[in-house]
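Below is one structure; the comments refer to it alone.
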Amino acid sequence: MWQLFKSKSVKFASGMTKQTSLVLILLNAQFSISQPVAAKRNIQGIYAQSALPDLLKSPNSVCPAQLGTAIDRIIDRPQFSRSRWGIVVQKLNNAQNLYSRDADKYFIPASNLKLLTTAAALQKLGANFRFRTSIYGTDDGLLRLVGRGDPSLTDVQLTALARQLKLTGVRQLIYLGVEGDRADDIISPDWEWGDIQADYGAPIGSLILNQNAVTLQLLPQQVNQPLRLVWQDPIAARMWQVDNQSVTAKPKSPAEVVVNRDLSGILQISGQLSADSPPESVALAVVNPAENFVQHLRRVLLVAGIADNSDRVRLNIIEVQKQLAKAPELAAINSSPLSQLLIETNQNSNNLYAEALLRALGSRVNSSNSNSQKGIIAVKQALTTLGVDATGYVLADGSGLSRHNLATPKAIAQTLNAMAKSPQAAIYRASLPIAGVSGTLKNRLQGTPAQGIVSAKTGTISGAIGLSGYIEAPNYEPLVFSIIVNQSDRPTTVLRQAVDEIVVNLASLRRC
């Protein structure tokens, strides 16, 4: 599985076949994973604008009658003979088809699935919904923190929570309980092993801090010495067992570092960086999100001036829990409203945010299932209310990372059409990347007729890509489109360029 951020990339072996370990290969001292809290959680690629064909920059205008031939000419190229294409293009005002190929067939949608999850979240939760993190307790230091799955919670917010607690008069900690939802399912059973070790596949539940990810930096030392390991977060570092078999090679030597987490949880590092190589960063999912949360909370309480005396006092835990069950809320912090969280979810294709929204939906469903399973029920209910055909998709998660997700281009277009007519239309569309301007489309379609007029959700996993959204064609009516490619052996850049050619043709439509 390839993850491309700016000019850097990392290959995850699990993206090609089922693996029992995560392998991150850093080649030529220029491959790395982005910072775990830098919002890029999905597998999104960017191709160089210099590779953009002149046809995309200066295309001829296209009449509706010519559109089918123009699209067929692109997707029927010999290089795509083994690829599956699902496409639908419709007028937004009446859902009239301008083009359709296998629009009723199932495809793996990748992150195009986030269009369904975020539409349901707006319908069910409302634009002003906020996640709330609370501390309940007593003045003498019995504390209980309740996490409710805020994906945006960081050490900054946790510090504010601790300071707020200090202002209530709490001066010491003698007991700390941290609670999540018992219906949490921290790791999706349908995600591949390699994915759940990386930052874009971090564990999701009621307890999320710093997006449940941490950065490990690899630095060369003197020749023949092991690479030096520097963790972004010392707390997370204590939770890992590391077997460092790496080495610093002579200057200008080829760089190849393999970071592999095996099934026993040991992080194995091998390979080499040259002595003159810059540091390389690897972003990893935290091992134990609950323990990570507790340790960070204890640290910020100390910094806020609340002494930790929990190891000096013997308590009857049963009695303590009874007291805490009735204790008032002493401090709390809310996330940004859903309208803002959706921007991070869709523009940056943040898997953790999407999964947190799915579980927030699920927490409102009365069922004995896990929160993600209940969330899927809630998404189906919301989409059915919107008029989306329930047989047009099969959901396995909320982010699109699972290959068990299925959706038809028609169902995605139905969702886009329905949301365009809903009271939340402006909020929903504002959450989407804009071609050549923002999010995962910032470096795509620049200098083409599509720049600035296409709002669409990207999606990429190995062998499958998608792009679905809206086009405000200047010389034609507003359009809705969904393009998905599956089962392809072509490089992602080649597939993406073909998709962009189609989009440029759509943006060049005129009445004739």
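Which of the trypsin sites (Lys or Arg not before Pro) found in the range 128-180 are in a DSSP loop and have at most 14 neighbouring Cβ atoms, other than their own, within 10 Å?
Those satisfying the criteria are Arg171.
Can you list which of the trypsin sites (Lys or Arg not before Pro) found in the range 278-385 are DSSP loop residues with at most 13 other C-beta atoms within 10 Å?
Those that pass, being in a loop and sparsely packed, are Arg312, Arg314, Lys326, Arg364.
Run the helix sum for the chain: -39,500 (n - 2.57) per DSSP H stretch of 4+ residues, divided by residue count, reported at 222 nm to the nearest 500 deg cm²/dmol.
The helix-only estimate for the chain comes to -8500 deg cm²/dmol at 222 nm.
Give me the distance in nm between label points sitting 7 Å out from Cα along the Cα-to-Cβ direction at Gln96 and Glu291, one decimal.
With each label placed 7 Å out from Cα toward Cβ, I get 6.3 nm.
What is the sum of charges, Lys and Arg at +1 and Asp and Glu at -1, for the other residues whose Cβ falls under 9 Å from the Cβ of Leu218?
Overall, the nearby charge balance is 0.
D for the range 73-186, whole µm²/s, Stokes-Einstein with Kirkwood Rh over alpha-carbon pairs at 4 °C and 1.567 mPa s: what number?
66 µm²/s
Working from the alpha-carbon coordinates of the range 246-285, get Rg over Rh, Rh being the Kirkwood radius.
Rounded to two decimals, Rg over Rh is 1.04.
What are the ³J(HN,Hα) values, in whole Hz, obtained from phi via the Karplus relation 6.51 cos²θ - 1.76 cosθ + 1.60 with θ = phi - 60°, for each residue of the range 92-107 in sequence order, with x given for Gly and Pro?
5, 6, 9, 6, 6, 6, 9, 7, 8, 9, 6, 5, 9, 8, 6, 9
Taking the Cα centroid of the range 359-384 and of the range 63-122, what is the distance between the two, rounded to the nearest whole Å?
28 Å
For the range 238-334, rounded, prolate or oblate, judged on the Cα gyration tensor with a ≥ b ≥ c (square roots of eigenvalues), a/c < 1.5 rounded, else prolate if a/b > b/c?
Prolate, because a/c is 1.5 or more and a/b exceeds b/c.
Looking at the range 80-130, I'd like the Rg to Rh ratio, where Rg is from alpha-carbon atoms and Rh is Kirkwood's inverse mean 1/r.
That ratio equals 1.11.
Size of the range 139-205 along its principal axes in angstrom, Cα-based, largest extent first?
Result, largest extent first: 47, 24, 16 Å.
Enter the per residue convex hull volume of the chain, computed from alpha-carbon coordinates, in Å³ rounded to the nearest integer.
Roughly 154 Å³ of hull volume per residue.
Is the range 313-392 rounded, prolate or oblate when judged by the Cα gyration tensor, a ≥ b ≥ c being the square roots of its eigenvalues, rounded requiring a/c under 1.5 and prolate requiring a/b larger than b/c?
Taking the square roots of the gyration eigenvalues as a ≥ b ≥ c, the range 313-392 is prolate.
Full-extension gain between Gln323 and Ser363, please, as 0.36 nm times their residue separation minus the C-alpha to C-alpha distance.
Additional length available on full extension: 11.9 nm.
With 17 Å as the cut-off, how large is the P(r) tail for the range 160-273, expressed as percent of Cα-Cα pairs?
When all Cα pairs of the range 160-273 are counted, 69 percent exceed 17 Å.
Once you've got the Cα coordinates, tell me which of Lys91/Lys442; Lys374/Lys410; Lys322/Lys380 are over 28 Å apart.
From the list (Lys91/Lys442; Lys374/Lys410; Lys322/Lys380), the Cα-Cα distance tops 28 Å for Lys322/Lys380.
Work out, in µm²/s and without decimals, the Stokes-Einstein translational diffusion coefficient of the range 321-465 at 4 °C, 1.567 mPa s, Rh from Kirkwood over C-alpha pairs.
Answer, rounded: 75 µm²/s.
Stokes-Einstein diffusion coefficient for the range 382-435 at 25 °C in a medium of 0.890 mPa s, Rh from the Kirkwood formula over Cα pairs: what value in µm²/s?
Value of D from the Cα-based Kirkwood radius: 202 µm²/s.
Here, each number is a calculation from the coordinates, and none is a lab measurement. The model shown is predicted, which means the values in this text are computed figures rather than measured ones. FYI the Cβ positions are ideal-geometry reconstructions off the backbone, even for glycines, and counts take in every protein chain you see.
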